[in-house]
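No value in this document is a laboratory result; all are computed from the given coordinates. The structure presented is a predicted model; accordingly, all values stated were derived computationally and were not measured. Virtual Cβ from ideal backbone geometry, glycine too; neighbours counted across all protein chains shown.
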Amino acid sequence: MDRRRTPPDIETAVLFKCARRCTLCFHLSGDLTEKLGQIAHLDKDPSNSAEDNLAFMCLNHHSLLDSKTSQHKNYTLQELKAAREKLYEAVVENKHTEKPAATAVTYNLIGPNARLNINSHDNSTNAATFGAGTTSGVLMSENRARLLVTLPPDASEKIANFIPSPTMLAILYILPVVRNYGKTMAAVTLFKARFLILPGGQRLPPNPDYAATDFQTVDVLAQLPPDAYFQPRAGIGNFDFLPVYEQQSTLWLYGLVDYRDIYDVPHQSRFCFVYHTPGGFNPNPAGFYTAGPEAYNRCT
Ligand SMILES: [Zn+2]
């Protein structure tokens, strides 16, 4: 038998315990996604196939571990073993199957009793106590939550002051305001927004393509009482923004918010803004304006 060959039962144990997550990816950056990889010998002795000497690693980290460069303080045996134990614990706790939080987005949740549960679908505080059959449609409609998406006053100012560098990456963030103008709680389930840059003169398509892959999506459950609001974040990079800055293209920001009212009826509020630069035949000052076809601004 090849002494370099790891016994299959040990190999299986290692692969199983880490669920093919890389020890160093997890240790260094908390990355718990599945990797293509190999089983590394931590002491670099390929004949030592004791389970304690083995850890699964992605191809990059495995070759980094085995590299003999003096430029890089290599990972120590103790460090690697500790990292592996942490990884195994995370897998036991099923952290590797948790849906990752929407990292591209931050929330400022403001207002009386505003509450935000990221990636939680606990509806217990929002149980509908009004049977749909016992409440008249009119009363439900009067009392229900109504969400509207607007842009804060500083959004136009931020765009006006954003001078995109042609070489350095910078991202400008706009924080749309999702406010509950209704009389009762809203359970927000989804927010998505997209910057769209259209060459001068080109119109928006008549119907919004909400399935487009470059939407910035917040999969979230936020309980929004009346008058409370939250601000998801939508970012645009300087390279994308450049043609807008040079007044060759038009900047649009559009999207939707999905929510349920206390009667558990689903609703959707859509929004669409265009950034107007001064000049031409439009005398309005620079800034964002509600615009676009009806299908982009419909609220149900
Ligand atoms: Zn790795």
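Okay, here's what the table says:
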{"read-out": "Fewest-first sequence of Cys299, Cys22, Cys272 by Cβ atoms within 10 Å of each Cβ", "value": "Cys299, Cys272, Cys22"}
{"read-out": "Amide H partners (placed H, <5 Å) of Ala55, local residues excluded", "value": "Ala40, Leu42"}
{"read-out": "Point-to-point label distance, Ala50-Asp219, nm (Cα→Cβ direction, 7 Å offset)", "value": "4.3"}
{"read-out": "Global geometry of region 8-97, whether rounded, prolate or oblate, following the gyration tensor of its Cα atoms and the 1.5 cut on a/c", "value": "oblate"}
{"read-out": "Ranked list, fewest to most other Cβ atoms within 10 Å of each Cβ, for Thr23, Thr97, Thr250", "value": "Thr97, Thr250, Thr23"}
{"read-out": "Inter-site label distance for Leu36 and Tyr173 at 7 Å from Cα along Cβ, in nm", "value": "3.4"}
{"read-out": "Residues Met57, Met185, sorted so that the one with the fewest Cβ neighbours within 10 Å comes first", "value": "Met185, Met57"}
{"read-out": "Residue pairs, from the table Lys17/Lys68; Lys44/Lys95; Lys44/Lys81; Lys35/Lys192; Lys17/Lys81; Lys73/Lys95, whose Cα atoms sit over 18 Å apart", "value": "Lys17/Lys68; Lys44/Lys95; Lys35/Lys192; Lys73/Lys95"}
